[in-house]
Amino acid sequence: MEEQSNLMKKTFTLTILLALLLGSCKNTDEQKEEESGPAIPLINYAVKRTYLHDTTSFTEGLLFHDSLLYESTGAQPGLESTRSLFGVLSLKTGRIDVKAEIDRKKYFGEGIVFFGNKVYQLTYTTQKGFIYDAKTFRPLGEFSFPNKEGWGFTTDSTYLIMSDGTSQLTYFYPDSLTVKQTIAVSDTRNPIDKLNELEFINGFLYANIYTTSDIVKIDPASGNIVGRLDLSSLVNEVHQMYPASLEMNGIAYNPATGSIFVTGKMWPVVYEITFPL
């Protein structure tokens, strides 16, 4: 009876220990989920085609306007072949038909956006932007912004929307170029910073995350990230093609076809991809 009693005690003790261990694991998992937030849904994509891209183009912006693909670039210090400009990107040659260029010694060109009959071009650290006529590309003036840096630029057809490398997006009134509001972007719990090139598609904002292979889908009403594209396979492919290629940057939606064009700084190609919008 004593042996049976000892066996029962050991069994009971093991049961208690197992229950405590399982409970601890569950609490740890719940704590991790609570800290990191719920998993962001992964958006599947398909590659339709690839096109040539100039490996001297340090891509900062990409967009379609009047059925033409425009690219804006920056002049990276130490890379003398890079320039601060924007123009029409030829998908046959990869070259840019330059429409406007700013002094690379003074300004690092960033994102651009068309709104009404004007084009707005950001610069990186000077808190200054340039305005051009959308037809002739004649310079019309300059504007200033309060953010320490200018990165990506897009529009929701009502406001101009800018990223600055943080987790904040800034909305500007197009006429006065004064700030309307800022929204904080997060995965519902944690801020997501390094927001870079932007594109507004069907009511959502899409953003490159600097130094990553991700494009995130943002609900502008809440600032929450509601989807994510993992383009690491494209990034790896590009690095095999051209080892000197740098970060992925550039998202352009073609409303005529529903395709999205993506590229990166000094990439040899532009990818045309599709995914559920």
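FYI, it's all coordinate maths here, none of it is from the lab. Quantities reported herein were computed from a predicted structural model and do not represent experimental measurements. As a convention, Cβ positions derive from the backbone with ideal geometry for all residues, glycine included, and neighbour counts pool all protein chains shown.
Quick check on region 234-262: of everything there that is out of contact with any strand residue (DSSP E or B) (no Cβ under 9 Å at 6 or more places or on another chain) and either among the aliphatic types (A, V, I, L, M) or assigned to a helix (DSSP H, G or I) (or both), which residue is surrounded by the most Cβ atoms within 10 Å (Cβ to Cβ)?
H239
Listed residues G94, G61, G141, G87; which is outside any loop (DSSP other than H, G, I, E, B), touching a residue at least 24 places away in the same chain (Cβ under 8 Å), of a type in the set (G, A, S) and in contact with a strand residue (DSSP E or B) (Cβ under 6 Å, 6 or more places away or on another chain)?
Answer to the check: G61.
Those residues that are aromatic (F, W, Y) and either in contact (Cβ under 8 Å) with a residue 60 or more places away in the chain or outside any strand (DSSP E or B) (or both), I need them from region 150-171; list them, please.
Within region 150-171, W151, F153, Y159 meet the criteria.
Go through region 154-172 and give me each residue that's under 13 Å from S144 (Cα atoms) and surrounded by fewer than 17 Cβ atoms within 10 Å (Cβ to Cβ).
Within region 154-172, none qualify.
For region 200-211, what are the residues that are over 18 Å from G258 (Cα atoms) and surrounded by 17 or more Cβ atoms within 10 Å (Cβ to Cβ)?
N208, I209, Y210 - these are the residues of region 200-211 that are over 18 Å from G258 (Cα atoms) and surrounded by 17 or more Cβ atoms within 10 Å (Cβ to Cβ).
What tally of residues in region 97-127 results from selecting those that are within 20 Å of the chain's Cα centre (by Cα) and without any contact (Cβ under 8 Å) to a residue 40 or more places away in the chain?
3
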